[in-house]
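Shown next, in structure tokens, is the structure this report addresses.
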Amino acid sequence: MTTNSKPLPPRATPLRPRRRAIIVGASSGIGAALARRLAREGYTLALLARRADLLASLCEEINLAAGEIRALAYPHDVTDYDSAPNLLQRMLADLGGLDLFVYNTGISLPVGLKKYDFEKDRRTTEVNYLGALAWLNLVAAMFQSLKSGQIVALSSVAGERGRVGNPSYNASKAALTCYLEALRNRLSRYGVNVLTAKPGFVDTNLIVGAKGAFWVISAEQAAADICRAIRKRRQQVYTPARWRLVMLIVRNIPSFIFRRLIF
Ligand SMILES: NC(=O)c1ccc[n+]([C@@H]2O[C@H](COP(=O)([O-])OP(=O)(O)OC[C@H]3O[C@@H](n4cnc5c(N)ncnc54)[C@H](OP(=O)(O)O)[C@@H]3O)[C@@H](O)[C@H]2O)c1
């Protein structure tokens, strides 16, 4: 039983190994699609987000489809940094260990092209970057000592250049991408893989109202691309894949041209 007295998933045994994953930010969009897909691939899951009702119904759907307990819900706000260590221990006890950790949580708070809003910037930084540090430092230390495991985090193509539309979102994703590269450089020698996922536009709540979105893919397609990269233990995945070439070009547009672009 969990500390909530909910039934626990079946334990791994030598004859029936089970992979275990934690997804932070699993209540909607790409995170929920990842949860459904990883459950179908046989993972046992701990799912985190603030909206407890959405998490509960997602777990119910997954467990019903699997015919056994395969997903557990842990309501959590990533800006409650101090609660992460105890919550991690609780989930490790409930899952019986950990093979994969996904930091999917992210927000994008629109600001006008001529507006500056520190409160929105602070919130974006706390959720997209500081929350990631609070969780990934803990998990990195654990996987480093275990000499196994895989870390995935959702960055974005938006983290590759500073654009006029939403500076703090760009900056939070750039910081996350750089932090993930550093983690990868630390952890690869311990056999731990770090995957940076960089979606383009994905049809989720995050881009509702966004002007000029193009090549929009479904959350399911993004999750399928990310899961393939997890299986292949890739270091980076663009979804859809064509963004890889586009961003190679975008990264090399000279600043005197790039600053004239309104996007
Ligand atoms: N959609 C796109 O076009 C796109 C493109 C590039 C990158 N991404 C990235 O993909 C990731 C997933 O986003 P999405 O598009 O799937 O949007 P989404 O449907 O809004 O999902 C965001 C997830 O983050 C969780 N979350 C937000 N604030 C939180 C907090 N304070 N504490 C805990 N969880 C929190 C949300 O759950 P609760 O609200 O229940 O807490 C939700 O589960 C994000 O990192 C985003 O930046 C998205």
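The values are calculated or read from the model by the stated rules, or taken from the named source; none is laboratory data. What you see is a predicted model; the values in this text were computed from it and never measured. Every residue, glycine among them, receives a Cβ derived from its backbone with ideal geometry; neighbour counts consider all protein chains shown. Side chains included, ligands, DNA and RNA excluded: accessible areas come from the protein's heavy atoms. Shrake-Rupley method; radii C 1.70, N 1.55, O 1.52, S 1.80 Å.
Among residues belonging to the stretch 183-222 that are open to solvent by 50 Å² or more (accessible area, probe 1.4 Å) and under 30 Å from Gln144 (Cα atoms), point out the one that is farthest from the ligand (Cβ to nearest atom).
Arg189
Tell me the strands (runs of 3 or more DSSP E) entirely within the stretch 10-81 that contain at least 1 residues that are hydroxyl-bearing (Ser, Thr, Tyr) and at pLDDT 95 or above. Don't jump to the end; show me each part of the working.
Working: elements: 20-24, 44-49, 71-75.
The strands (runs of 3 or more DSSP E) meeting that bar are 44-49, 71-75.
Can you list residue pairs whose Cβ atoms sit under 6 Å apart, with the first residue in the stretch 124-135 being closer than 13 Å to Ala174 by Cβ and the second being in a helix (DSSP H, G or I) and small (Gly, Ala, Ser)? Count only pairs 6 or more apart in sequence or on different chains.
These pairs meet every condition: Thr124/Ser168; Thr124/Ser172; Thr125/Ser172; Asn128/Ser172; Tyr129/Ser172; Tyr129/Ala175.
Out of the residues in the stretch 232-245 meeting the condition of being over 16 Å from the mean Cα position of the chain (by Cα) and touching a residue at least 12 places away in the same chain (Cβ under 8 Å), tell me which one is nearest to Gly31 (Cα to Cα).
Pro240
Show the residue pairs that are 6+ apart or on different chains and have beta-carbon atoms under 6 Å apart, the first residue being within the stretch 184-211 and more than 18 Å from Met142 (Cβ to Cβ), the second being more than 8 Å from the ligand (Cβ to nearest atom) and part of a strand (DSSP E or B).
From residues that are more than 18 Å from Met142 (Cβ to Cβ), the pairs are Thr196/Gln236; Ala197/Val237; Lys198/Tyr238; Pro199/Thr239; Val202/Ile217.
Restricting attention to the stretch 24-44, which residues are more than 6 Å from the ligand (Cβ to nearest atom) and open to solvent by 20 Å² or more (accessible area, probe 1.4 Å)?
Passing the criteria: Arg36, Arg37, Arg40, Glu41, Gly42.
Could you please tell me which pairs satisfy a Cβ distance under 9 Å, a separation of 6+ or placement on different chains, a first residue in the stretch 85-110 that is touching a residue at least 60 places away in the same chain (Cβ under 8 Å) and part of a loop (DSSP other than H, G, I, E, B), and a second residue that is away from the ligand (no atom under 16 Å from the Cβ) and among the polar types (S, T, N, Q)?
Cβ pairs passing all conditions: Gly96/Thr44; Asp99/Ser148; Asp99/Gln150.
Which of (1) open to solvent by 50 Å² or more (accessible area, probe 1.4 Å); (2) modelled with pLDDT of 95 or more; (3) under 25 Å from Arg260 (Cβ atoms); (4) not basic (Lys, Arg) does Ala141 not meet, given it meets every other one?
Only one criterion is unmet by Ala141, namely (3).
Pairs under 6 Å by beta carbon, first residue within 10 Å of Ile22 (Cβ to Cβ) in the stretch 44-59, partner hydrophobic (A, V, I, L, M, F, W, C) and within 11 Å of the ligand (Cβ to nearest atom), six or more apart or different chains?
Note: pairs meeting the criteria are Leu45/Ala35; Leu47/Ile23; Leu47/Ala26; Leu47/Ala35; Leu47/Leu55; Leu47/Ala73; Leu48/Val24.
Take Lys232 and tell me if it is away from the ligand (no atom under 14 Å from the Cβ) and open to solvent by 30 Å² or more (accessible area, probe 1.4 Å).
Against the criterion (away from the ligand (no atom under 14 Å from the Cβ) and open to solvent by 30 Å² or more (accessible area, probe 1.4 Å)), Lys232 qualifies.
Tell me, which residue of the stretch 156-183 that is charged (D, E, K, R) and out of contact with any Ser or Thr (no Cβ under 8 Å at 6 or more places or on another chain) is modelled with the highest pLDDT?
Ranking the qualifying residues of the stretch 156-183, first place goes to Arg161.
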